[in-house]
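Everything below concerns the one structure shown next.
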Amino acid sequence: MKILVTGGTGYIGSHTVVELQNRGHEVIIIDNLSNSYSTVVDQIEKITGKRPVFEVFDLTDKAKTAAFFQQNSDLDGIIHFAAYKAVGESVEKPLKYYRNNLESLLNILDGMQEYKIPSLVFSSSCTVYGEPDELPVSEAAPIKPATSPYGNTKQISEEIIRDTAANSSFNAILLRYFNPIGAHESALIGELPIGVPNNLIPYITQTAAGIREQLSVFGDDYDTPDGTAIRDYIHVTDLAKAHIAALERMAHKKSKEKVEAFNVGTGNGYSVLEVIRAFEKSTGEKLNYKIAPRRAGDVEKVWSETTLANNELGWKAEKNIEEMMASAWKWQLALEKK
Ligand code: UFG
């Protein structure tokens, strides 16, 4: 299949391009490089032996996006990653988030409608469930009011896709990611946090590498066995493979509804302290950390019910937490060499 991957030089996008090319699909990347580097395309070529087509422009540019679709009206599917994703920044600059994340989606949907492109995979998030009432959280759980403009763009995007698909020929699959971590086994691509990391795993690896002095564990008074918050961490390569399963489901006409949503997690929850222990065990490094106050806006605990994704997509996460930590550390060491 000929697949457009928006945001294809980003963290999850680049790993997905690798898996698509490994499966023999033809890839076109569009990225504006706002939070990634063009050298990622060289790395993808090193891993797969194939260079994806790469176009640099901003998908909020309606004219450029329309011109792209006119020239590529034979696409078999689109995986739409391109979006801003920093929760804290979205609170400070909500319009930046609404404009970027929603206008780009609208321009893509225009193209899909006009040229009858059959399939869309959309990057959604477990953030749509907020603090779930039942765990593990299933796709049938209620959508809770968003706690950040970033989270709201994911909820609104899901609604826009549902409304548009209801009156168009395309199918869509919304993938609700839990916490993607780790890096490709080659350590040629991975997450490139710019500045001080917000997320747990890059903060851990940078602390172990001596770039940060100490990790703060945000809260040890949650209602969890060790008091620290629980998440469902998933290896980025496992996550990438879920996108291929979603595209192939639509291509083989196996969708049961025009728009389907699937959780993409492992089904296992780990506390912050358990993650630290897994890191220490799998790398042999000792981590300097302290307990700090809770971080505003954090959910206490969330992990996924994966039965639907397992049964319907025929997909299952394979890598365990220690493999995830080992790959994140290998990537950190590779980054330092660079
Ligand atoms: N944490 C720490 N110390 C740190 C960083 C994080 O203790 O320095 C804790 C957090 O409090 C949380 C856990 O580690 O309990 C995971 O935090 P992350 O920031 O790595 O991930 P989040 O679950 O907060 O956020 C992720 C994505 C967001 C998305 C959110 C909900 O990074 O983009 O899930 O979908 F919005």
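The values are calculated or read from the model by the stated rules, or taken from the named source; none is laboratory data. Fair warning: this is a prediction, and the values are worked out from it, not measured in the lab. Reconstructed Cβ throughout: ideal geometry from the backbone, glycine too, with neighbour counts over all protein chains shown.
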- Task: Could you check how many residues of segment 257-300 are in contact (Cβ under 8 Å) with a residue 12 or more places away in the chain, closer than 30 Å to VAL121 by Cα and more than 9 Å from the ligand (Cβ to nearest atom)?
- Result: 13
- Query: Can you list the helices (runs of 4 or more DSSP H) found entirely within segment 84-193 that contain at least 1 residues being within 14 Å of the ligand (Cβ to nearest atom), of a type in the set (Gly, Ala, Ser) and closer than 24 Å to GLU300 by Cα?
  - Reply: 87-92, 149-166
- Of everything in segment 199-240 that's part of a loop (DSSP other than H, G, I, E, B) and under 15 Å from the mean Cα position of the chain (by Cα), which residue is farthest from the ligand (Cβ to nearest atom)? ASP232
- Message: Residues that are buried (at least 20 other Cβ atoms within 10 Å of the Cβ), modelled with pLDDT of 95 or more and more than 21 Å from the chain's Cα centre (by Cα): does segment 75-86 have at least one?
- Response: yes
- Residue ID - modelled with the lowest pLDDT, chosen from residues in segment 87-105 that are of a type in the set (Ser, Thr, Tyr) and over 21 Å from SER14 (Cα atoms): SER90
- Which one is farthest from ASN107 (Cα to Cα), of the residues in segment 125-180 that are touching a strand residue (DSSP E or B) at 6+ places or on another chain (Cβ under 6 Å) and of a type in the set (Ser, Thr, Tyr)? TYR129
- Task: Please work out if THR266 is surrounded by 18 or more Cβ atoms within 10 Å (Cβ to Cβ), in a loop (DSSP other than H, G, I, E, B), more than 18 Å from the chain's Cα centre (by Cα) and not small (Gly, Ala, Ser).
- Result: no
- Query: List pairs: first in segment 197-213 and more than 15 Å from VAL272 (Cα to Cα), second near the ligand (Cβ under 8 Å from one of its atoms) and in a helix (DSSP H, G or I), Cβ under 6 Å, 6+ apart or cross-chain?
  - Reply: PRO197/TYR203
- Note on the structure: Those residues of segment 4-26 which are more than 17 Å from the chain's Cα centre (by Cα) and more than 19 Å from ASP238 (Cα to Cα) amount to GLU26
- Task: Report, by residue number, each residue of segment 158-197 that is polar (S, T, N, Q) and under 15 Å from the mean Cα position of the chain (by Cα).
- Result: ASN179
- Task: Filter segment 119-143 for residues that are over 19 Å from VAL259 (Cα atoms), under 20 Å from the mean Cα position of the chain (by Cα) and surrounded by fewer than 18 Cβ atoms within 10 Å (Cβ to Cβ) and give the result.
- Result: GLU131
- Message: Looking only at segment 13-48, filter to residues that are without any contact (Cβ under 8 Å) to a residue 60 or more places away in the chain and part of a helix (DSSP H, G or I); which one of those is surrounded by the most Cβ atoms within 10 Å (Cβ to Cβ)?
- Response: VAL17
- Item | Search result, residues across segment 99-118 that are surrounded by fewer than 22 Cβ atoms within 10 Å (Cβ to Cβ) and under 18 Å from the mean Cα position of the chain (by Cα) | ASN100, LEU102
- Report, by residue number, each residue of segment 291-327 that is assigned to a helix (DSSP H, G or I) and more than 17 Å from LEU273 (Cβ to Cβ). THR307, LEU308, ALA309, ASN310, ASN311, GLU312, LEU313, GLU323, ALA326, SER327
- Query: What are the residue pairs meeting all of these: first residue in segment 137-150, first residue closer than 24 Å to LEU102 by Cα and touching a residue at least 60 places away in the same chain (Cβ under 8 Å), second residue hydroxyl-bearing (Ser, Thr, Tyr) and not in a loop (DSSP other than H, G, I, E, B), Cβ atoms under 6 Å, and 6 or more apart or on different chains?
  - Reply: SER148/SER90; TYR150/SER90; TYR150/TYR97
